[in-house]
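What follows is calculated from the coordinates using simple rules that are stated; it is not laboratory data. Source: prediction; values computed, not measured. Here the Cβ positions follow ideal geometry from the backbone for every residue, glycine too, while neighbour counts run over all protein chains shown.
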Amino acid sequence: MTTSNLLFDIALTHLYGRARQTIISILGVALGVGFFIAMAAMMVGFQRFFTQKIIDVSPHIVMEDEYRERPRQPVSWFFGHEGTVISLQGVKPKEEIRGIKNAEKIVDVLRQTPGMNISPTLEGQIFYRYGSTDVSSTLKGIEPKSEKKITKIEEDIVSGNLDDLLTHSYGVILGSGLADDLNAEVGDTLTGISVAGIIKKMKVVGIFHTGITELDKSVSYSLLKDVQVLQNRSNVVNSIRFSLADPNKAEEIAKQIEEKYKYKTVSWQEANEGILSVFVIQDTVRYATTGAILLVACFGIFNIISTVINEKARDIAILKSMGFTESDIQKIFVFQGILIGVVGMVIGWWLGYMLSIAMGSIRIKMEAIITTEHLYIVYDIMHYVYGGIACMVAATVAAWLPARKAALMRPVDIIRGAAG
Amino acid sequence: MSGSGRPLLEVKNLTRVLPLEVPVTLVKDVSLSIDPGQFISITGPSGSGKSSLLYLLGLLDRPTEGEIIIDGLETSKLSGRKLSSIRLGRLGFVFQFHFLLAEFTILDNVMIPMRKLGKWPENEQEGRAVSLLKDLGLGDHLHKVPSQLSGGQRQRVAIARAVSNEPLVILADEPTGNLDTKNSKIVHDIFRDLVDKKKTTVVMVTHDLDLASKTDRRIHLVDGKIASGN
């Protein structure tokens, strides 16, 4: 105990003696930690907002009426062992009636799974004409009752009501971007032209705004049976949508369903693979940037401790001749690194927190992947913990290297030098 | 501890060779036995290996060959950690340069070895340091830093620090090398007192033959070998 106090006292006096350099080292560390926290708050905030929106707005799993692979030809069933070369020319795909066969039965079976909600849907392309504007959209035929269990689209409806679909024939709910493009408002009547060539007057009963630009600009909702009429496919369903109690299990469950029913079944992770992989790149850039800042801070620590060691070589010599061990000497200098690290970390925490608050208060109108008026900031204690751990490890290593050198100094060499 | 009549410090066939490209022999086949309570001087021309011998005796350097027995303990095979602990509790060093820690007051400087050893309780350490410094005529300077003192005063602080853990042996390497005649005499008298009153053993390397003549025993080295005094 006494020894530690003594070593700490000596360590402190060394830093006092180089107050300015010490403060700069501390600031270097603080900047590293602070920027790490602020960047994490902003980027992870955006990522979480986006992921949460995807989970809320779209189903966790979608079963589509297609297959992932072309069906195998009989010849390859029979001869297609490894090493056999088969060449078939001019194979014409069989024309099948589109839609999920036996959809009702699939729905009935899967409804038994606990925690799973299911909504059979018919999706198709449609043109809306209003005044002189034509806009194409993906029209989803839904049941309001089951839709509410699948997505949180109801929460995103900014005017009108999801249940109004039931009280109007050929009612439609438009995405906000779509409504803007059409110049349409709730109560307006559009002309809907489906790819099957059927034309109906459709009344706008609601407008939703998710914040995800892509969705708001292209998607609209109607009743399932109305869409079946518009697409001229009565009783047909071409996608079955699922929501799960735990969205993180979507990939696994999607795989199981696909194995069982063969229809291409896509989890939200797969559907959004592109954007999720952008997040991975974003994270890598974030770690690299803050890593670089911390590395520079480390050089600061390494530098100040090396300087102190060169300056205090005589002190090291006398302490060792007095009976201080190598590890005592090493501790003195590692203490200094840890001290700079701890103070820098705490200031960095404060800095990161303040930067997060500042960024959160900035008004930014942005219409890119998401439509928003401010940055999404997340306050996650783990960012502070990770920043702290990285900072302490870096500071300790940066101090340990020169400290080791100091510990191995031979007092005789220094004493001889001083005497001569 | 060492009242049994056995020598306090014993050196057998001690050789130290610097393993340079052309090896340099600093100390050659020195055997020596030092009894407790003696004031011993080591003299010799420069380069005769007197400081090297002192560093070996003080366990600051390891011999190439031979044994060093301190207070009955053979040291050549001991770990660095063990050697540190022997230095801390049983040896005290005074060098030509004072080697005081510049940022600490002289009181704190003297307390450092005590705080490290922890033999005396914390509340007694300061009192002991104060009385050591007062005995050496530094009672008025306790809270000054070394740069505020004269060369002679600093060297006295260094002596106070060396004796603070009541070592068995004080090893002094040209302790008066930077001092004028008056201060040299003061330092010499302090050592004399330590030997006479506290029965501490003092081994002092010096080139001042006048001072050396006043010690109990003179060991004269030439070319790393004992020429006389054994």
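Please sort by residue number the trypsin sites (Lys or Arg not before Pro) in the stretch A:1-86 whose DSSP state is loop and whose Cβ has at most 13 other Cβ atoms within 10 Å.
Filter output for the stretch A:1-86: A:ARG68, A:ARG72.
Between B:GLU65 and B:LYS225, what is the spin-label point distance in nm, taking each point 7 Å from the Cα along the Cα→C-beta axis?
1.3
Students often get this wrong: which residues of the stretch B:122-139 have the backbone nitrogen under 18 Å from the point 7 angstrom along Cα-to-C-beta of B:LYS197?
B:127-139
Taking a point 7 angstrom from the Cα of A:ILE198 along the C-beta vector, which residues in the stretch A:212-245 have backbone N less than 15 Å away?
A:222-238
Label points 7 Å out from Cα along the Cβ direction at A:LEU295 and A:THR84: separation in nm?
Modelled inter-label distance: 5.6 nm.
Counting pairs of alpha carbon atoms under 8 Å apart in space and at least six apart in sequence, what relative contact order in percent does chain A give?
28
Quote the charge dipole size of the protein assembly as shown about the Cα centre in Debye, to the nearest 20; the model charges only the Cβ of Lys and Arg (+1) and of Asp and Glu (-1).
Using Cβ point charges on Lys, Arg, Asp and Glu, the protein assembly as shown gives about 1640 debye.
About the Cα centre, and with charges only on the beta carbon of Lys, Arg (+1) and Asp, Glu (-1), how big is the dipole of the stretch B:94-174? Nearest 20 debye, please.
Computed about the Cα centre, the dipole is about 0 debye.
Diagonalise the Cα gyration tensor of the stretch A:28-103 and give the resulting equivalent ellipsoid semi-axes, square root of 5 times each eigenvalue, largest first, whole Å.
51, 22, 9
Shape verdict for the stretch B:171-230, please, from the Cα gyration tensor: rounded (a/c under 1.5), prolate (a/b greater than b/c) or oblate.
On the way: a/c = 2.16, a/b = 1.31, b/c = 1.65.
Verdict is oblate for the stretch B:171-230.
Using only the alpha-carbon atoms, how far is helix B:151-163 inclined from the longest principal axis of chain B? Give it as 0 to 90 degrees, nearest 10.
80
Loop only per DSSP, at most 14 neighbouring Cβ atoms within 10 Å: give me the chymotrypsin sites (Phe, Trp or Tyr not before Pro) in the stretch A:51-114, ordered by residue number.
A:TYR67
Any idea what diffusion coefficient the protein assembly as shown gets from Stokes-Einstein, in µm²/s, Kirkwood Rh on alpha carbon pairs, 37 °C, 0.692 mPa s?
101
Quick check: pseudo-label points 7 Å beyond the Cα along Cα→Cβ at A:ASN310 and A:ARG72, how many nm apart are they?
Modelled inter-label distance: 7.3 nm.
Mean separation of Cα pairs under 8 Å and 6+ residues apart, divided by the residue count of the stretch B:17-141: what relative contact order is that in percent?
Contact order relative to length: 13 percent.
State the extension gain, in nm to one decimal, for the chain segment bounded by A:GLU95 and A:HIS168, taking 0.36 nm per residue of separation less the distance between their alpha-carbons.
22.7 nm
Holding the Cα-Cα limit at 29 Å, pick out from B:LYS134/B:LYS214; A:LYS200/A:LYS264; B:LYS82/B:LYS198; A:LYS217/A:LYS262; B:LYS144/B:LYS214; A:LYS94/A:LYS140 the pairs that are longer than that. The partial results should precede the final answer.
Values: B:LYS134/B:LYS214 25 Å; A:LYS200/A:LYS264 31 Å; B:LYS82/B:LYS198 26 Å; A:LYS217/A:LYS262 32 Å; B:LYS144/B:LYS214 33 Å; A:LYS94/A:LYS140 27 Å.
Cα-Cα > 29 Å for A:LYS200/A:LYS264; A:LYS217/A:LYS262; B:LYS144/B:LYS214; rest within.
Taking the Cα centre of the protein assembly as shown as the origin and placing charges on Cβ (Lys, Arg +1; Asp, Glu -1), which of B:ILE106, A:GLY17, A:ALA288 is farthest toward the positive end of the dipole?
Selected residue: B:ILE106.
Would you work out the charge dipole size for the stretch A:1-131 about its Cα centre, treating the Cβ of every Lys and Arg as +1 and the Cβ of every Asp and Glu as -1, and quote it to the nearest 20 debye?
Computed charge dipole of the stretch A:1-131: roughly 280 debye.
Taking the Cα atoms of the stretch A:291-420 alone, what are Rg (to one decimal) and Dmax (as a whole number) in Å?
Calculated on Cα positions, Rg and Dmax stand at 21.7, 75 Å.
Between A:GLY90, A:GLY45, A:GLY32, find the one with the highest GNM mean-square fluctuation for chain A; connect C-alpha pairs within less than 10 Å.
A:GLY90
Once you've got the GNM for chain A with C-alpha springs shorter than 10 Å, pick whichever of A:PHE35, A:PHE335, A:PHE324 has the biggest mean-square fluctuation.
Looking only at A:PHE35, A:PHE335, A:PHE324, the biggest GNM fluctuation is shown by A:PHE324.
Between B:THR181 and A:ASN303, take the C-beta separation as r, use R0 = 56 Å, and let me know the FRET efficiency to the nearest 0.05. If you can, show how the numbers build up before the last one.
Values: r = 46 Å, r/R0 = 0.82.
After rounding, the FRET efficiency stands at 0.75.
So if R0 is 60 Å, what FRET efficiency would A:GLU270 and A:LEU408 give, r being the distance between their Cβ atoms, rounded to the nearest 0.05?
Step by step, r from the Cβ atoms, then E = 0.60.
How much FRET efficiency would the formula 1/(1 + (r/R0)^6) give for A:TYR353 and A:ARG48, where r is the Cβ-Cβ distance and R0 is 22 Å, rounded to 0.05? It would help to have the intermediate numbers written out before the result.
Details: r = 18 Å, r/R0 = 0.81.
E between A:TYR353 and A:ARG48, to the nearest 0.05, is 0.75.
Determine which residues of the stretch A:21-37 fall in the zone a paramagnetic label at A:VAL285 would reach in this model, i.e. backbone nitrogen under 16 Å from the point 7 Å along Cα→Cβ.
In the stretch A:21-37, the label zone of A:VAL285 (backbone N under 16 Å from the point 7 Å along Cα→Cβ) covers A:36.
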